[in-house]
Amino acid sequence: MMLGNQSIAMSQKPLIIEVKVKPNARISQLSQEESGQWLAQIKSLPVDGKANSELIGLVAKHFACRKAAVSIKTGSAGRVKLVKIEAPYEIRAQCG
């Protein structure tokens, strides 16, 4: 399926991404740098799991899946985390 200059496909395999988290940001956003590294800017402070909860919601929104399909595999107390996304989820690719 095409949306603007993006191609969208549904994947049926689990995906694990490495995400560098920057808490206490002005806005919450998830982006992928040219190096392939994922960067999550989170409004919440890393207190009582609030930043992790916000990260899960942000990843679920980006990949168009349920929050229950997203989990933090490693790094729950650190800035660099491995996040697992269960299938199905959307993969967006730039075209042209």
TODO: Over the Cα atoms of region 18-84, compute the convex hull volume and normalise it per residue, giving Å³.
DONE: 76 Å³
TODO: Pop the C-beta distance of Ser71 and Glu34 into the FRET formula with R0 = 35 Å and round what comes out to the nearest 0.05.
DONE: 0.85
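Read-outs: derived from the displayed coordinates by stated rules, not from any lab. Values in this document were obtained by computation on a predicted structure and should not be read as measured data. Heads up, the Cβs are rebuilt from the backbone with ideal geometry, glycines too, and the neighbour counts pull from every protein chain shown.
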